[in-house]
Amino acid sequence: MPIAKVLQNNREWASRMRQEKPDFFSSLADGQAPEYFWIGCADSRVPPNQILGLAPGDIFVQRNVGNLATHKDMNFMTCLEYAVDALKVKQIIVCGHYSCGAVKASLVLPGKTKSLANLWIADIKETRDKHAQELGKLSPDDQVTRLAELNVIRQVFNVCSSPIVQAAWDAGTPLIVHGLVYSLKDGLLKVRYLLS
């Protein structure tokens, strides 16, 4: 699709939004106060606002390959700090998805993923290694499914053990952390972990 068509789609969407809710853009311009912070995969098939049925401004979003939430990732940590300390979100969602390319690449031995992507998915590979016995008993497709779930659980742990979330909980801030996995086959979210 040419960029001219994308820009035309944008103009039509903006016009439609102004007709449906005249104050839509002025309210967005006034600032954001989302209840949720979404940490998800950058996969184009997993759009947070759409699958949650939320409007712009309802969810603060950080996405990357493999929905990783590592303490070494300054982008993630900065987003987490801003979400918790400045936006005062009440809920954090770590969302992976089945058929994730990063998860699939993590299961290939020896590793064939090139350069930076190979380094990036090291956290998923560690999760794979930690659960090698469990994963080894599964079919290849079921390994991808289960590792996607285990990766979400690990990333929830990373979020919960971060100094930012620990400080919020120590201060009595009510903050709930959810671990979800999205199914591309039926569009449904499945709860895999919940901590509050």
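The values are calculated or read from the model by the stated rules, or taken from the named source; none is laboratory data. Since we're looking at a predicted model, the values are computed, not measured. Positions of Cβ are backbone-derived with ideal geometry, glycine not excepted, and every protein chain shown enters the neighbour counts. Calculation scope for accessible area: heavy atoms of the full protein, side chains included, ligands and nucleic acids excluded. Shrake-Rupley method; radii C 1.70, N 1.55, O 1.52, S 1.80 Å.
Here are the numbers for this structure:
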quantity: Residue among 66, 40 that alone is at pLDDT 95 or above, in contact with a Cys (Cβ under 7 Å, 6 or more places away or on another chain) and either assigned to a strand (DSSP E or B) or among the aromatic types (Phe, Trp, Tyr) (or both); calculated: 40
quantity: Qualifying residue in the range 99-115 (condition: under 17 Å from the mean Cα position of the chain (by Cα) and on the phi > 0 side of the Ramachandran plot); calculated: yes
quantity: Out of 174, 163, sole residue that is within 17 Å of residue 68 (Cα to Cα) and open to solvent by 80 Å² or more (accessible area, probe 1.4 Å); calculated: 163
quantity: Close pairs from the range 154-181: first more than 15 Å from residue 77 (Cα to Cα), partner among the charged types (D, E, K, R) and open to solvent by 40 Å² or more (accessible area, probe 1.4 Å), Cβ under 7 Å, at least 6 apart; calculated: 174/90; 175/90; 176/90; 179/192; 180/190; 180/192; 181/190; 181/192
quantity: Unmet requirement for residue 152, which otherwise passes all of (1) farther than 26 Å from residue 60 by Cβ; (2) surrounded by 15 or more Cβ atoms within 10 Å (Cβ to Cβ); calculated: (1)
quantity: Single unsatisfied condition, residue 107 versus (1) out of contact with any Asp or Glu (no Cβ under 7 Å at 6 or more places or on another chain); (2) open to solvent by 60 Å² or more (accessible area, probe 1.4 Å); calculated: (2)
quantity: Residue match in the range 118-127 (condition: modelled with pLDDT of 95 or more, more than 26 Å from residue 164 (Cβ to Cβ) and among the hydroxyl-bearing types (Ser, Thr, Tyr)); calculated: no
quantity: Residue count, the range 180-196 (criterion: in contact with a Cys (Cβ under 8 Å, 6 or more places away or on another chain) and surrounded by 19 or more Cβ atoms within 10 Å (Cβ to Cβ)); calculated: 3
quantity: Among (1) without any contact (Cβ under 8 Å) to a residue 40 or more places away in the chain; (2) in contact with a Lys or Arg (Cβ under 8 Å, 6 or more places away or on another chain) - the single one residue 123 does not satisfy; calculated: (1)
quantity: Every residue from the range 71-117 that is touching a helix residue (DSSP H, G or I) at 6+ places or on another chain (Cβ under 7 Å), modelled with pLDDT of 95 or more and β-branched (Val, Ile, Thr); calculated: 84, 89, 92, 94, 103
quantity: Candidate set: the range 29-85, residues that are under 30 Å from residue 186 (Cβ atoms) and basic (Lys, Arg); chosen: the one least open to solvent (accessible area, probe 1.4 Å); calculated: 63
quantity: Residues (of a type in the set (A, V, I, L, M) and closer than 15 Å to residue 152 by Cβ) located in the range 83-134; calculated: 92, 93, 94, 102, 103, 121, 124
quantity: Qualifying residue in the range 44-53 (condition: closer than 30 Å to residue 135 by Cα, in a loop (DSSP other than H, G, I, E, B), basic (Lys, Arg) and free of Cβ contacts under 8 Å to residues at least 12 places away in the same chain); calculated: no
